[in-house]
Amino acid sequence: MDALASRYHDVYAHWQRNPEAFWAEAAAAIDWYDKPTKIFDSEAGIYGRWFTGATCNTCYNALDRHVAAGRGQQPALIYDSPVTNTVKTFTYGRMLSEVQILGAMLRDFGVKKGDVVILYMPMVPEAVFAMLACARIGAIHSVVFGGFAAKELATRIDDAKPKVILSASCGIEGARVIPYKPLLDAAIDLAAHKPDTCLILQRPQCEAALTPGRDHDWRAVWEDAVNYAKTSECVPVAATDPLYILYTSGTTGIPKGVVRDNGGHMVALKWSMKNLYNIDPGEVWWCASDIGWVVGHSYIVYAPLLHGATSVMYEGKPVGTPDAGAFWRVCAQHSVVSLFTAPTAFRAIRKEDPDARLLSQHDLSHFRALFLAGERADPPTLQWAEDVLKVPVIDHWWQTETGWCIAGNPLGLGKLPVRYGSACVPMPGYAIDIVDEANHVQPENTIGSIVIKLPMPPGAFPTLWHNDERFREAYLAEFPGYYKTADAGYKDADGYVYVMSRTDDIINVAGHRLSTGGMEEVLAGHPDVAECAVLGIKDELKGEVPCGFIVLKSGVTKAPLEIEKEIVALVRDKIGPVAAFKLAITVARLPKTRSGKILRGTIKKMADGEAWQMPATIDDPAILDEIGVALKGKGVGA
Ligand code: COA
Ligand code: AMP
C-alpha cells in the first residue's frame with residue numbers, strides 16, 4: 001500500500017484538529033466504572049492529566065471483561081521456555097483465577113491500594129500474574145530487570161519503598177543458572193528501607209534458602225490460598241492513579257522512577273494494537289523482550305491482554321537456546337502473526353546463520369510483520385530481515401517515558417513506504433519538532449534536538465515517582481513548551497523522523513539503556529583511579545558497548561592490567577552484567593579542552609575507527625597520540 005492509500009494522514013489530521021475528541025473515541029474501547037468528567041484536564045498535574053474523574057481497573061480490562069465476553073477458553077499467555085524445556089498455555093479463564101488468588105495472597109500480606117510491590121523476577125508466567133494481581137488490588141508494581149546487580153536493586157527499593165518484594169530463586173541465562181536470592185538478600189541489606197515480606201518462587205534449577213520471618217515460599221502460600229478458596233476482586237482506582245513505576249537510566253547513577261497511570265495507559269495501548277501493529281483480538285502476538293523493560297511491560301503484558309490477543313512469553317535468547325532458528329521455531333509453533341524485538345536480536349541471528357538456512361525448517365506462512373525498537377534499526381539488519389522473512393519490517397521509536405510508540409509505521413491504518421534509517425512518522429498524540437539550542441524550530445533535514453509538544457499523549461508518564469521537580473528539570477526546563485526526548489535527529493520533507501543519537505550520556509547496549517555517568521561513578525570509586533571517562537563505542541552485535549578510560553593516581557604500583565580487571569568486576573558487581581562492561585583502558589592522561597572538558601567525541605571517533613580532526617580547543621594535542629596507542633594496544637579502533 002502506498003502513502004496515498006494509507007489512512008494515516010487523515011487519522012493524524014483528525015487528532016491534530018481535535019485531540020480530545022480523538023482520545024475520547026479511543027477511550028470508548030475501555031470499560032470504566034465511572035466515565036471521565038474531562039478527557040484532558042489542563043489544570044491538573046504538571047502538564048495536564050488525561051481522563052480525570054474516571055475510575056477503572058487495568059486488570060479488569062485485561063482479564064475479567066474478556067472472560068465475561070466469552071474468551072475464557074482462549075489462550076491469553078503462551079509461556080515458551082527453551083531453557084527449561086517447557087511450553088505452557090494459560091487461557092484467559094485460568095489467568096484470571098491465578099491472578100485472583102495472587103491478589104488475595106498479596107492482600108493477606110497487607111498490600112493495599114497505593115502500596116508498592118517490587119518484582120525481581122525472571123521471565124516466568126508468575127511474573128505476569130504478579131503484575132496483574134497488583135493492578136487488580138490497586139497496588140503499584142515496580143519490576144526490576146534481573147540483569148541488574150544488588151546495588152541497583154537497593155537504590156530502587158529505597159526510592160519505591162515496597163511493602164512486599166516478589167522474586168524467584170533463580171533466573172536462567174542460556175545454559176547458566178543465575179541465583180537471584182543472594183542478590184535480593186544483598187540488596188535488602190544495602191537498602192535503608194526494608195520490605196515486610198518477600199515471596200520467593202522456588203525453581204527446581206536452584207532452590208533458595210528462605211530467611212525466617214521475612215521470606216515465604218510462593219507455592220506454599222498459593223496452596224494455602226487455594227485450599228481456603230481465597231480470591232480477590234478488582235479495586236476501582238482513579239484513571240490518574242499510578243499502575244506502575246519503572247526505573248530507567250538517567251544522567252546520573254540515580255535512576256528515574258517513570259510513573260505510568262491506569263487510564264491513559266490502557267487507552268493508548270489498546271489503540272496501538274490494531275492501528276499500529278494491526279493485530280486483531282484472538283491473534284497470537286510475540287514481543288521478545290523482557291518484562292523488566294518498558295517494551296515488555298507494554299507489549300508482553302498489558303497491550304495484548306487489553307486487546308484480547310494471545311501473548312507469547314519467551315524465556316530464551318535469539319541464539320544459543322538452542323540455535324539461531326529459535327525465533328522461527330517459536331513463530332511457527334505458536335502461529336505468531338507478528339513479532340516485536342530489538343535489532344540486536346536480529347544481528348545475533350544473522351551473525352550465526354547469515355543465509356537464514358534454519359528458517360527453511362519452519363512454516364511461517366501466517367507471519368505478517370516484524371517490528372523493531374529499542375535502538376535504531378540499522379539498515380543492513382533491516383534489509384536482511386526483509387529479505388529472509390519477506391514481510392514488512394518496521395522500525396519504530398519510543399522510550400520508557402512514553403510507554404508506547406512516538407514514531408512508527410501504522411500498519412493497521414495502511415502501511416506507509418519504509419525509508420531505511422527512519423522510524424517513520426509521528427503517531428497521533430505526538431507533535432514532533434526539531435529544535436536548536438535556542439528552542440528555534442529547525443527546517444527539514446537539519447539535525448537538532450527532537451522534542452514533543454506538550455501535552456504528552458495518554459500513556460506517557462505524568463511525572464517521576466515522588467519527584468515532580470526532577471521531572472520538570474530533566475524534561476521540561478530546557479525547551480519551554482516541549483518535552484525533551486534527549487534524542488537528536490531530523491525530519492525529512494515528508495515528516496519522516498530520523499533518530500540518530502542521544503544528547504545526554506545514555507548509551508544503548510543491546511537495546512538496553514545505560515548511563516555512562518553511572519558507570520563513571522563506579523570507576524571513580526576504585527581506590528587507585530584518579531580520573532575516568534566512560535563512553536559507548538561501536539559493537540557489531542550489541543550496537544554499542546561501554547569502554548572505560550582510567551588515569552591512575554600517582555604512586556600506584558599495582559599492574560594496570562590487574563586494576564583494569566578489578567574495574568570490570570566492579571561494574572558487574574555494582575551495576576550488573578547487563579552493562580556489558582568488559583573493556584577498561586589505562587591511559588596516562590585524558591584529552592581535554594582548555595576549559596577542562598574531556599573530549600569524549602574525539603575519543604569515540606578514534607575508538608570507532610572513524611575519521612577525526614584535532615579539536616581547535618584541545619589543551620595538549622599529544623594526548624590524542626597516547627590515546628591512539630592505548631586503543632591500539634587493546635585492538636580497538638583503526
Ligand atoms: N538475569 C541475569 N542476568 C542477565 C539477565 C537476566 N534477566 N539478562 C541478561 N543478563 C546477563 C547476560 O547473561 C549477560 O551476562 P554475561 O556478561 O555473563 O554473558 C549480560 O547480562 C548481558 O546480557 P545481554 O545483553 O542479553 O547479552 P547476551 O550476550 O547474553 O546476548 C543478545 C546478546 C543480542 C542475544 C541479547 O542481548 C538479546 O537477545 N537482546 C535482545 C534485546 C532486548 O530484548 N532488548 C529489550 C528492549 S526491546
Ligand atoms: P528505553 O527508554 O530503554 O526504551 O530507551 C529509549 C531510547 O532508546 C531512546 O531515547 C532512543 O535513544 C533509543 N531508541 C529506542 N528505539 C529507537 C529507534 N527505533 N530508533 C532510534 N533510537 C531508538
Restricting to the range 76-99, what's the tally of residues that are closer than 24 Å to ALA225 by Cβ and either surrounded by fewer than 18 Cβ atoms within 10 Å (Cβ to Cβ) or not aromatic (Phe, Trp, Tyr) (or both)?
13
Check the range 445-464 and report whether any residue there is closer than 20 Å to SER422 by Cα and in contact with a Gly (Cβ under 6 Å, 6 or more places away or on another chain).
yes
Identify, please: which residue in the range 405-444 is assigned to a strand (DSSP E or B) and of a type outside the set (Val, Ile, Thr) and is, among those, nearest to the chain's Cα centre (by Cα)?
CYS405
I'd like to know if the range 249-272 contains one or more residues that are β-branched (Val, Ile, Thr), in a loop (DSSP other than H, G, I, E, B) and crowded, with 20+ Cβ neighbours inside 10 Å.
no
Could you check PRO410 against (1) surrounded by fewer than 23 Cβ atoms within 10 Å (Cβ to Cβ); (2) assigned by TED's automatic domain parsing to the domain that holds GLY250; (3) more than 14 Å from ligand 2 (Cβ to nearest atom) and say which number it fails?
(1)
Heads up, the helices (runs of 4 or more DSSP H) in the range 548-638 (entirely inside) with at least 3 residues that are within 30 Å of ASP290 (Cβ to Cβ) and within 16 Å of ligand 1 (Cβ to nearest atom) are 560-574
Being more than 15 Å from ligand 1 (Cβ to nearest atom) and in a loop (DSSP other than H, G, I, E, B) is the filter here, so list the residues in the range 314-352 that pass it.
HIS334, SER335
Against the definition (more than 13 Å from ligand 2 (Cβ to nearest atom) and outside the structural domain of MET266 (by TED's automatic domain parsing)), how does ASP494 come out, yes or no?
yes
State whether the residues of the range 114-122 include one that is acidic (Asp, Glu) and more than 16 Å from ligand 2 (Cβ to nearest atom).
yes
Can you tell me how many residues within the range 592-637 are surrounded by 13 or more Cβ atoms within 10 Å (Cβ to Cβ) and out of contact with any Pro (no Cβ under 8 Å at 6 or more places or on another chain)?
17
Every residue from the range 499-521 that is over 15 Å from THR248 (Cβ atoms) and either within 16 Å of ligand 1 (Cβ to nearest atom) or not assigned by TED's automatic domain parsing to the domain that holds ASP608 (or both):
VAL499, MET500, SER501, THR503, ALA510, MET519
Spot the failing condition for ILE447; the list is (1) more than 23 Å from the chain's Cα centre (by Cα); (2) in contact (Cβ under 8 Å) with a residue 24 or more places away in the chain; (3) within 26 Å of ALA13 (Cβ to Cβ), and only one is missed.
(3)
Kindly indicate the residue of the range 164-215 that is assigned to a strand (DSSP E or B) and among the charged types (D, E, K, R) and also nearest to ligand 2 (Cβ to nearest atom) among those meeting that condition.
GLU173
Out of SER289, SER311, I need the residue that is touching a strand residue (DSSP E or B) at 6+ places or on another chain (Cβ under 9 Å), assigned by TED's automatic domain parsing to the domain that holds LEU269, assigned to a loop (DSSP other than H, G, I, E, B) and under 17 Å from SER81 (Cβ atoms). Which one?
SER289
Has the range 178-190 got at least one residue that is under 30 Å from GLY263 (Cβ atoms), in contact (Cβ under 8 Å) with a residue 40 or more places away in the chain, crowded, with 18+ Cβ neighbours inside 10 Å and within 21 Å of the chain's Cα centre (by Cα)?
no
Residues that are touching an Asp or Glu at 6+ places or on another chain (Cβ under 8 Å) and in the same structural domain as ALA44 (by TED's automatic domain parsing): does the range 338-346 have at least one?
no
Give the residue, chosen from GLY495, GLY543, that is in contact (Cβ under 8 Å) with a residue 12 or more places away in the chain, surrounded by fewer than 21 Cβ atoms within 10 Å (Cβ to Cβ) and at positive phi.
GLY495
Here's a check for you: in the range 438-478, which residue that is among the hydroxyl-bearing types (Ser, Thr, Tyr) and touching an Asp or Glu at 6+ places or on another chain (Cβ under 8 Å) is nearest to TRP397 (Cα to Cα)?
SER449
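The values are calculated or read from the model by the stated rules, or taken from the named source; none is laboratory data. Treat the numbers as computed from the prediction; the structure is a model and nothing was measured. For neighbour counting, all protein chains shown are included, and Cβ atoms are generated from backbone atoms with ideal geometry for every residue, glycine included.
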